[in-house]
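Colleague: Provided herewith is a single structure, encoded as structure tokens, for subsequent inquiry.
The values are calculated or read from the model by the stated rules, or taken from the named source; none is laboratory data. A quick note: this is a predicted structure, and the numbers were derived from the prediction, not measured. Here the Cβ positions follow ideal geometry from the backbone for every residue, glycine too, while neighbour counts run over all protein chains shown.
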Amino acid sequence: MVHGLAPRALGLALMAGALLAAAPAPARVRHAAGEPGMPALKSNAVYVLDESNAAVVLSRQSDVAMPIASITKLMTALVVLDAGQPLDETVEITADDRAGTRGTFSRLEVGARLTRADLMHLALMASENRAAFALGRSYPGGLAACVEAMNAKARALGMKSTRFVEPTGLSSDNVASSEDLARLVQAAAQSPTIQEYSTDPSYAVPVRRRTVEFRNTDALVRNPTWNIIVQKTGYIAEAGRCLVMKAVFEGRSVVIVLLDSAGKYTRVADARRIRKWLESRLAGQQATSVTRRA
């Protein structure tokens, strides 16, 4: 047993990751981002996986571990769900949650009482750091056990270059490669709870005597032309702007990982460029197939 980690939580983490870890490696990269004919992407690390044939269709620095900011919260949510903690249980925001996210703004005041489901919803949708810290603090065995479970889950999923030190993503010591994060996205997409919470455009919760509304940090979820299954954004200075998602284009499930985008809107623009390129490519393949059958 991993020291400090509840046996049940560890067992669930290992079992839940077994299928993904044992899955065959994705097919050889077809295209490197930045090559002639490829979309002109601004993110420094890129990984695009077509799940229909397990082919990596775009890649740039995909094996390089780098800070992942709030993409971390996907793993936090996974291990909390693995632990089987009641989502309807009330958790109070404490001074420890404020201290653990010092330097960031939060509308969750100390003393506010929310359900664990509400905290997870806000962490995934609005990237609420105090909510994510409270999830980790209230994990069985406390914060250290939560972080240990996160690293155990990463190993179970085959995320070989990943390391977590806390549950929010505020630390630049939370690192992973974009290849690793594709595995995390695939695991997160298996959870209906994470699907629902991460793609909700907005959500309101009671904080003391008032209702506070939060909005999704990913503008793409409000665009009806996008079919996003799961998503998460992230930002700290050391990580740049980050975005991961699983979406459906032309009936095909595609995982997109974009790390270290410099501009505020670059990650979303890159996602749009990738979608446009993929849809054009798929349309060309379909036209070729029809011509051959004619």
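Colleague: For region 51-167, please list each of the strands (runs of 3 or more DSSP E) lying entirely inside it that holds at least 1 residues being under 30 Å from Gly251 (Cα atoms) and touching a Lys or Arg at 6+ places or on another chain (Cβ under 9 Å).
Modeller: 55-60
Colleague: Then there's this: Test of understanding: among Val147, Val165, Val230, which residue is in contact (Cβ under 8 Å) with a residue 40 or more places away in the chain and not hydroxyl-bearing (Ser, Thr, Tyr)?
Modeller: Val230
Colleague: Exactly one of (1) closer than 26 Å to Asn151 by Cβ; (2) exposed (fewer than 15 other Cβ atoms within 10 Å of the Cβ) is unmet by Asn227. Its number?
Modeller: (1)
Colleague: Within region 150-159, track down each residue that is touching a helix residue (DSSP H, G or I) at 6+ places or on another chain (Cβ under 6 Å) and free of Cβ contacts under 8 Å to residues at least 40 places away in the same chain.
Modeller: Met159
Colleague: Would you please name the residue that is nearest to Arg272 (Cα to Cα), looking only at residues in region 197-210 that are exposed (fewer than 14 other Cβ atoms within 10 Å of the Cβ) and at pLDDT 95 or above?
Modeller: Checking each candidate, the answer is Pro201.
Residue-wise test of (1) among the hydrophobic types (A, V, I, L, M, F, W, C); (2) part of a strand (DSSP E or B); (3) closer than 20 Å to Met120 by Cβ; (4) touching a Pro at 6+ places or on another chain (Cβ under 6 Å).
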{"position": "Gln195", "(1), (2), (3), (4)": "no, no, yes, no"}
{"position": "Ser198", "(1), (2), (3), (4)": "no, no, yes, no"}
{"position": "Pro206", "(1), (2), (3), (4)": "no, yes, yes, no"}
{"position": "Trp226", "(1), (2), (3), (4)": "yes, no, no, no"}
{"position": "Val230", "(1), (2), (3), (4)": "yes, yes, yes, no"}
{"position": "Glu238", "(1), (2), (3), (4)": "no, no, no, yes"}
{"position": "Cys242", "(1), (2), (3), (4)": "yes, yes, yes, no"}
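Colleague: I want to confirm something. Restricting to region 48-63 and keeping residues that are in contact with a Ser or Thr (Cβ under 6 Å, 6 or more places away or on another chain) and surrounded by fewer than 22 Cβ atoms within 10 Å (Cβ to Cβ), which single residue is farthest from Leu278 (Cα to Cα)?
Modeller: By that ranking, first place goes to Asp63.
Colleague: Using the structure shown, decide if Pro86 is under 17 Å from the mean Cα position of the chain (by Cα) and farther than 21 Å from Ile228 by Cβ.
Modeller: no
Colleague: Which residue pairs have Cβ atoms under 7 Å apart, sit 6 or more places apart or on different chains, and have a first residue in region 67-87 that is within 15 Å of Ala152 (Cα to Cα) and among the polar types (S, T, N, Q) and a second that is modelled with pLDDT of 95 or more and assigned to a helix (DSSP H, G or I)?
Modeller: If the second residue must be modelled with pLDDT of 95 or more and assigned to a helix (DSSP H, G or I), the pairs left are Thr76/Ala123; Thr76/Ala132; Thr76/Leu135; Thr76/Gly136; Thr76/Met150.
Colleague: Restricting to region 142-181, name every residue that is surrounded by 24 or more Cβ atoms within 10 Å (Cβ to Cβ), among the small types (Gly, Ala, Ser) and under 15 Å from Ala69 (Cα atoms).
Modeller: Gly169, Ala176, Ser178
Colleague: Further, regarding this structure: Filter region 112-131 down to residues that are crowded, with 22+ Cβ neighbours inside 10 Å and polar (S, T, N, Q), then give me how many there are.
Modeller: Qualifying residue count, region 112-131: 2.
Colleague: Restricting to region 203-232, name every residue that is under 30 Å from Glu92 (Cβ atoms), among the aliphatic types (A, V, I, L, M) and under 15 Å from the mean Cα position of the chain (by Cα).
Modeller: Val221, Val230
Colleague: Just one of Arg215, Arg208, Arg222, Arg137 is free of Cβ contacts under 8 Å to residues at least 24 places away in the same chain and more than 19 Å from Pro67 (Cα to Cα); which is it?
Modeller: One residue alone meets the criteria, Arg222.
Colleague: May I ask you to list pairs of residues, at least six apart or on different chains, whose Cβ atoms are under 9 Å apart, with the first in region 90-102 being within 16 Å of Met120 (Cα to Cα) and the second being in a strand (DSSP E or B) and among the β-branched types (Val, Ile, Thr)?
Modeller: Thr90/Thr115; Val91/Thr115; Ile93/Val207
Colleague: Could you tell me whether Gly111 is small (Gly, Ala, Ser), over 18 Å from the mean Cα position of the chain (by Cα), closer than 30 Å to Glu213 by Cα and at pLDDT 95 or above?
Modeller: Values: small (Gly, Ala, Ser): yes; over 18 Å from the mean Cα position of the chain (by Cα): yes; closer than 30 Å to Glu213 by Cα: yes; at pLDDT 95 or above: yes.
Judged against the criteria, Gly111 is a match.
Colleague: Moving on. Taking the criterion of being modelled with pLDDT of 90 or more, assigned to a strand (DSSP E or B) and within 13 Å of Ser43 (Cβ to Cβ), would at least one residue in region 261-276 satisfy it?
Modeller: So far as region 261-276 goes, yes, one or more of its residues are modelled with pLDDT of 90 or more, assigned to a strand (DSSP E or B) and within 13 Å of Ser43 (Cβ to Cβ).
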